[in-house]
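Okay, so here's the structure we're looking at.
Please treat every number below as a calculation from the coordinates, not as lab data. Remember, predicted model here, so these are calculated numbers, not experimental data. Ideal geometry is used to build each Cβ from the backbone, glycine not excepted, and the neighbour counts take in all protein chains shown.
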Amino acid sequence: MSPSTTYSKSSATTAGRGYLNGSPLKSKSLASGVDGKAAGGMETLSLIEASKRLAAYTAVDQHVKPEHRIIGIGSGSTVPYVVDRIVQQGVELNAGRVFIPTGFQSRQLIVAAGLTLGDVDQYPTIDITIDGADEVDHNLNCVKGGGACHLREKVLAEAAHTFILVADYRKNVQFLGTNYLSGVPIEVVPFAYNKVLHNLHHSLGSPKAALRMAIKKAGPVVSDNGNFIIDAPFTQEQLADPYTVLAQIKMLTGVVEVGLFCKMAKAAYFGNEDGSVTVRWDDGRVEVVPSATSA
Ligand SMILES: O=C[C@H](O)[C@H](O)[C@H](O)COP(=O)(O)O
């Protein structure tokens, strides 16, 4: 199964998910070349898909080294390109590696690619984890959990010696809460959801926090861990200090994990519309990999 094909399907439902400026860009395509398949009538990636792939390929090229044996694979619509590029490193290299998924989707990706599956209970330390993000600020704080995977994602981020984010240009923001407006994803044990909602509405300043409801299934979204998800919108001003918001939510009894990842990443890779890749590092450096040399 081609990861690109898998992504095209998933992108139909995730490309505009929760984003202020998502929808108008969904059908825009690159003029030529960036997807490498445009000639001959084959599939052309949308601008956003091409940006995701650029970010993923560049991050893998710069960070997934031959000596890396235990590799965490994140969730979302950018991660299949990560797996795609890792597979391109060759059967011989990958034969000696174990891949740890952050949920059902990445488990399927690993299995479909013929890679060896492991879990974090077998491998409590991971060489490198690469994952997507819903939004990343200039200090490398990020919102994750748009796909309800943030509990396992945070465990794998914390277990990793190196945690790398990959995303398209829409996710590169100065302040969280700029483009991703669905709110901070919060995983809660089911029986406590209404109590946590009450806390968010009346004590933590998120009056529009709501239980995430399923599509094509009656009732709420249920995470891979059997829990419910609350999406809690906060203003840019509130999210200018994301660690305080994270700590306040996490202290609420019934909360399992919060989709705010504060300063966990070593670097974030953003694929840009012009084919370049912006790299933000945890020491404040910002690099731009020009389109000619990016993946
Ligand atoms: O729960 C989902 C994860 O946190 C994803 O990594 C995040 O939602 C970004 O996904 P995408 O790359 O599809 O925008």
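Summary of values
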| read-out | value |
| --- | --- |
| Between region 109-135 and region 211-233, the alpha-carbon center distance in angstrom | 23 |
| Cα coordinate range in region 164-273, projected on the principal axes (Å, largest first) | 42, 33, 23 |
| Separation in nanometres of the label points that stand 7 Å from Cα toward Cβ, at Glu237 and Lys65 | 4.6 |
| Cα→Cβ-extended label distance, 7 Å offset, between Ala214 and Thr116, nm | 3.6 |
| For region 166-178, Karplus couplings with θ = phi - 60° (6.51, -1.76, 1.60), whole Hz, Gly/Pro x | 10, 6, 8, 4, 5, 8, 8, 10, 6, 10, 4, x, 8 |
| Cross-link pairs Lys171/Lys263; Lys52/Lys216; Lys52/Lys266 - those with Cα-Cα distance over 22 Å | Lys52/Lys216 |
| In Hz, Karplus ³J(HN,Hα) per residue of region 273-279 (6.51, -1.76, 1.60; θ = phi - 60°; x = Gly, Pro) | 4, 8, x, 8, 10, 8, 10 |
| Proxy reagent accessibility, fewest Cβ within 10 Å first, across Thr244, Thr129 | Thr244, Thr129 |
| Compactness relative to 2.2 N^0.38 Å, alpha carbon Rg of region 43-289 | 0.99 |
| Highest-first arrangement of 214-223, 166-175, 184-193, where packing means the average Cβ count within 10 Å | 166-175, 184-193, 214-223 |
| Selected from Val155, Gly114, Asn194, residue furthest toward positive end of dipole (region 93-215; charges at beta carbon) | Asn194 |
| Rounded to the nearest 20 debye, dipole of region 43-289 from Cβ charges on Lys, Arg, Asp, Glu | 520 |
| Per-pair calculated FRET efficiency, R0 = 22 Å: Arg285 and Glu158 via Cβ, rounded to 0.05 | 0.40 |
| Separation of the Asp274 and Val91 label points, Cα + 7 Å toward Cβ, nm | 4.2 |
| Contact order normalised by residue count of region 43-289, Cα under 8 Å, 6+ apart, percent | 22 |
| Table column - 3J(HN,Hα) (Hz), region 185-191, Karplus curve with 6.51, -1.76, 1.60, x for Gly and Pro | x, 10, 8, 10, 5, x, 5 |
